[in-house]
Structures are given as C-alpha cells and as structure tokens.
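**Q** Have a look at the structure that comes next, please.
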Amino acid sequence: MKTKVTVSMEQDIYRWLKACVDDKRFAHVSHGVEYCVHKVKEGDLRD
C-alpha cells in the first residue's frame, strides 16, 4: 500500500517531471518523484 504525501518543489523541477510524463518516461508525476527518490536511495543518481 502506498502512502499519500504532499511535496513542494521548484517550478523547473516540476516542469521537467511533467515533460517526462508527456514523453511517456513516467506514468504520472508521482511516479517520477518515486523513481528519483528510489535512485537516490540506491545511490544510482544520473541525469
């Protein structure tokens, strides 16, 4: 089960996430946030 959270972020980061959703890299913004947090947690942060 997933927990709902609210986050604040810089507009440029949000625009990047939305562009990734539009390009079908992520299913939705929260998927992109979860993916990025997971990568940081695993120590695999890349552009």
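The values are calculated or read from the model by the stated rules, or taken from the named source; none is laboratory data. Quick caveat, the model's predicted, so the values are computed rather than measured. No Cβ is skipped: glycine too gets one built from the backbone with ideal geometry, and neighbour counts run over all protein chains shown.
**Q** Which pairs do you get when a residue that is more than 14 Å from residue 37 (Cβ to Cβ) and modelled with pLDDT of 95 or more, found in region 3-26, comes within reach of a residue that is surrounded by 11 or more Cβ atoms within 10 Å (Cβ to Cβ) and of a type outside the set (Asp, Glu), reach meaning Cβ atoms under 7 angstrom, with the pair 6+ apart or on two chains?
**A** Qualifying pairs under 7 Å: 18/29; 20/26; 20/32; 21/28; 21/29; 21/32.
**Q** Only one residue in 10, 34 is of a type in the set (D, E, K, R) and surrounded by 11 or more Cβ atoms within 10 Å (Cβ to Cβ). Which one?
**A** On inspection, the qualifying residue turns out to be 34.
**Q** Another question, if that's okay. Please go through (1) within 12 Å of the chain's Cα centre (by Cα); (2) assigned to a loop (DSSP other than H, G, I, E, B); (3) loosely packed, with under 11 Cβ neighbours inside 10 Å for residue 4 and return the number of the only condition it doesn't satisfy.
**A** (1)
**Q** For residues that are loosely packed, with under 11 Cβ neighbours inside 10 Å and either polar (S, T, N, Q) or in a helix (DSSP H, G or I) (or both), tally how many sit in region 16-31.
**A** Going through region 16-31 one residue at a time, the tally reaches 1.
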